[in-house]
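A short worksheet on the structure shown next.
Just so it is clear, none of the values below were taken in a lab; they were calculated from the coordinates. Bear in mind that the values here come from a model prediction, so they are computed numbers and not experimental data. Here the Cβ is made from the backbone with ideal geometry for all residues, glycine too, and neighbour counts use every protein chain on show.
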Amino acid sequence: MISATMINMLVDLDASLWSRVSPKLYRATLDRGVVLSERQGVTATQRAWLRRSFGGLWSDEVSTGYAWFASDWDGNELGFAAYDCRLDFPWLRRWRAQPDVGIFGPMGVAPSERGNGLGSLLCLMALQALASQGYRRALIGAVGPESFYEKVCGARRVEEFPRAQIFEAGLRHVLQSVATGKWRNR
Ligand SMILES: CC(C)(COP(=O)(O)OP(=O)(O)OC[C@H]1O[C@@H](n2cnc3c(N)ncnc32)[C@H](O)[C@@H]1OP(=O)(O)O)[C@@H](O)C(=O)NCCC(=O)NCCS
């Protein structure tokens, strides 16, 4: 059954974050031909892949921020972890107002690639990018796989909010995009 609530999680961006990145996993990921790259916004291919694979507003959201992407040598997208995205969601507002808190997410890995550690790697790289910008904590909004974040980066649950907020925010974004003509040109 789908829960009526969603959760926000918080993670400390301290020096221990680096020790969570396994050099062996990093090496193995590169050795199996995964290309890791960081960028601002998304390419047209990435946008289409995000829409096809994850739906919702993620392609619009990621296009407003930064992300670490994983692809293969043929350019097929395998995963991503975004940060500093700018869509205005009510469950992020009070955290955005705190200067030491960076905003993490969304993130996702192609179903065929899950379970190989790629999600862990991308998550930690995006959190490290926030740490290098000077943030001391990161907010992971509207989670999702809570135990994944607990295990990978030591994130902890900080609050719950009604799932209905997600649908309301989605509808508001769609209506605004339609009104400004952005929806047609996505
Ligand atoms: C969540 C997700 C990114 C994980 O990616 P992944 O590449 O499979 O993750 P990893 O292989 O690095 O897994 C790391 C650990 O987390 C665990 N884990 C993976 N997915 C999990 C999930 N959905 N829930 C709980 N634990 C999970 C793994 O079992 C693994 O544990 P182990 O080291 O003890 O074996 C991927 O399942 C996904 O894209 N899901 C759909 C989109 C999504 O929910 N994104 C998060 C939005 S908040």
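Around the Cα centre of the chain, unit charges on the Cβ atoms of Lys, Arg, Asp and Glu (plus for the first two, minus for the last two) sum to a dipole of about 260 debye. For the stretch 14-73, a crude dipole built from +1 on the beta carbon of Lys and Arg and -1 on the beta carbon of Asp and Glu, taken about the Cα centre, is about 180 debye to the nearest 20.
Sorted fewest first by neighbouring Cβ atoms within 10 angstrom, Met125, Met107 come out as Met125, Met107. For the stretch 1-83, the average shadow cast by the Cα convex hull is 7.7 nm², which is a quarter of the hull's surface. The stretch 5-179 has equivalent-ellipsoid semi-axes of 24, 21, 14 Å, by the square roots of 5 times the alpha carbon gyration tensor eigenvalues, sorted largest first. Here is what passes the span test in the chain: the DSSP H helices with alpha carbon length of 20 Å or more along the helix axis and a Kyte-Doolittle mean of 1.6 or above are 118-132. Ranked by how many other Cβ atoms sit within 10 Å of their own Cβ, fewest first, the residues Tyr66, Tyr83 fall in the order Tyr66, Tyr83. Relative to the Cα centre, the charge distribution of the stretch 95-153, modelled as +1 at Lys and Arg Cβ and -1 at Asp and Glu Cβ, gives a dipole magnitude of about 100 debye. Listed peptides 71-79, 98-106 appear in the order 98-106, 71-79 once ranked by packing, highest mean of other Cβ atoms within 10 Å at the front. Calculated from the alpha-carbon coordinates, the stretch 140-186 shows an Rg and a Dmax of 15.4, 42 Å respectively. Between the alpha-carbon centres of the stretch 108-186 and the stretch 27-55 there is a gap of 15 Å.
Within the shell of other residues whose beta carbon sits under 12 angstrom from the beta carbon of Tyr135, the net charge comes to -1, with Lys and Arg scored +1 and Asp and Glu -1.
Scalar couplings 3J(HN,Hα) for the stretch 61-66, obtained by applying the Karplus form with A = 6.51, B = -1.76, C = 1.60 to θ = phi - 60°, are 5, 5, 5, 8, x, 10 Hz; x denotes Gly and Pro.
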